[in-house]
1. Give V102, V87 a once-over and let me know the one that is modelled with pLDDT of 50 or more, in a helix (DSSP H, G or I) and either crowded, with 21+ Cβ neighbours inside 10 Å or not assigned by TED's automatic domain parsing to the domain that holds P41 (or both).
2. Can you tell me which condition L53 does not meet? The list is (1) at pLDDT 90 or above; (2) surrounded by fewer than 22 Cβ atoms within 10 Å (Cβ to Cβ); (3) closer than 23 Å to R197 by Cβ, and all the others hold.
3. Within the range 212-219, is there a residue that is in contact with an Asp or Glu (Cβ under 7 Å, 6 or more places away or on another chain) and either β-branched (V, I, T) or part of a loop (DSSP other than H, G, I, E, B) (or both)?
4. List the strands (runs of 3 or more DSSP E) inside the range 331-410, counting only whole elements, that have at least 1 residues being of a type in the set (S, T, Y).
5. Going through G173, G165 one at a time, which residue ends up being surrounded by 20 or more Cβ atoms within 10 Å (Cβ to Cβ), at pLDDT 90 or above, touching a Cys at 6+ places or on another chain (Cβ under 9 Å) and within 23 Å of G97 (Cα to Cα)?
6. Restricted to the range 332-368, and to residues that are out of contact with any strand residue (DSSP E or B) (no Cβ under 7 Å at 6 or more places or on another chain) and among the hydroxyl-bearing types (S, T, Y), which residue is nearest to I386 (Cα to Cα)?
Amino acid sequence: MEPALRLGAGISKQEIREKIWDYMEAQNIADFPRPVHHRIPNFKGSSHAAEKLLHLQEFKMSRTVKGSYEACQNIRELDAYSRMQEVKVDPDKPLEGVRLMVLQGRKTLLVPTPRLRTGLFNKIVPPPGATKEILRRCATSQGVKNYSVPIGLDSRIIVDLIVVGSVAVSEKGWRIGKGEGYADMEYAMMVSMGAVREKTPVVTIVHDCQVVDVPEELLGDHDLTVDYILTPTRVIVTGCTRPKPQGIIWSMISEEMMGRIPILKNLHFREKQAGKDVTLQKEYLEHSKTSNKQAVLWKSDQIASTTLSELAGSAHLDHDPVALKNESSSSVTTVYVGNIPQDARVSDMKRTLREYNAVPLRLNWQGPQGRAFLDYKDQATAECVISSLKGLSFGGNSLWVKLAKKQKNK
């Protein structure tokens, strides 16, 4: 089947996202919440696509215990509850139908905690005798909050099936998320916990238009691939042979990320005690003699969507006040970026700048005013950035990129 969207050579991950989001909105494929930009897009027919999961052997190979939830709670006291199949499903809106099917199938539903701030998983525990309507409520984002209990690192969970959302995916199994890297990080954490194995199947559910020819060169070692793609019209077995993440790549983790995601600290300590290499990003880059490269003066909102080669070749993500002191204010050239959508997020701008090798010394974000100011070490660098970014589609808008007014006469 020919893809609905054709991608040109040299396209970036962010450009692929923008094309998918723009197409879904233009074709009215998108469903609530809208606009779908900066999200795992919900789409019309998502529940129909989700129903195809019922026919996958990996979903039917259930180790569930027959009976009601009340009976399952009694069984748990006999330490037999663990015989239920455990399915990890992302909290995205288009996967709501999947979460409901997992609950209706008497399986254990695991949902990642929002942005991993309070741990890795929550287990959804419906009330005893839950009706279909209550189960439907449990499957919503609000239900995940109201009917869940946290799962700690010491929990002996074995995840039998993983269902993730995607913005784009190829028939070969290459996947692109919304750019924050949480699905990749969650999988890496599960590997570190011993909760998944190499053969644990990964499924994604998307609209047909989201199946595109993703170039393999865009993938890094941290990127999660998928084994099955379910759309409203197809079940695609990818046959993907590319290895999935083998664990957390600590050299891509900054100290700031460690502070923002407490579970990382715990895993870092455990792996260090086990004698593994847990060198963090800043130490890795200093060891690689890249500390003389251009420094990024922001705190990254991104988890793992920058490859090591990009990090080593351009910048590290930790705030480095020394670099600011050493940079002569007279040599800094500022670039103005305008026509930024008001709902855009600074994390998306940071990610886009990375992908275009346009990392600034500092970023002055004025999103509500639809603009940003980027400082570069000299005018030559700034002019190269302008050439790269001018007219770039960002959140559906073509960016206005030029030298800031005070720079024009230099």
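1. V102
2. With respect to (1) at pLDDT 90 or above; (2) surrounded by fewer than 22 Cβ atoms within 10 Å (Cβ to Cβ); (3) closer than 23 Å to R197 by Cβ, L53 is out only on (2).
3. Going through the range 212-219, the residues in contact with an Asp or Glu (Cβ under 7 Å, 6 or more places away or on another chain) turn out to be none.
For the range 212-219, residues in contact with an Asp or Glu (Cβ under 7 Å, 6 or more places away or on another chain) and either β-branched (V, I, T) or part of a loop (DSSP other than H, G, I, E, B) (or both): absent.
4. 333-338, 371-376
5. Details: G165 fails: touching a Cys at 6+ places or on another chain (Cβ under 9 Å).
Answer to the check: G173.
6. Step by step, filter the range 332-368, then rank; the result is Y356.
Listed here are the residues, each with its yes/no results for (1) within 18 Å of the chain's Cα centre (by Cα); (2) outside any helix (DSSP H, G or I); (3) hydroxyl-bearing (S, T, Y).
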| site | (1), (2), (3) |
| --- | --- |
| L135 | no, no, no |
| S155 | no, yes, yes |
| E180 | yes, yes, no |
| M185 | yes, no, no |
| T200 | no, yes, yes |
| I236 | no, yes, no |
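Listed here are the residues, each with its yes/no results for (1) modelled with pLDDT of 95 or more; (2) surrounded by fewer than 17 Cβ atoms within 10 Å (Cβ to Cβ); (3) within 10 Å of K172 (Cα to Cα).
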site	(1), (2), (3)
T204	yes, no, no
Q210	yes, no, no
D223	no, no, no
V226	yes, no, yes
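The values are calculated or read from the model by the stated rules, or taken from the named source; none is laboratory data. Given the structure is predicted, the values throughout are model-derived calculations rather than measurements. Neighbour counts are summed over all protein chains in view; Cβ atoms, including those assigned to glycine, are modelled from backbone coordinates with ideal geometry.
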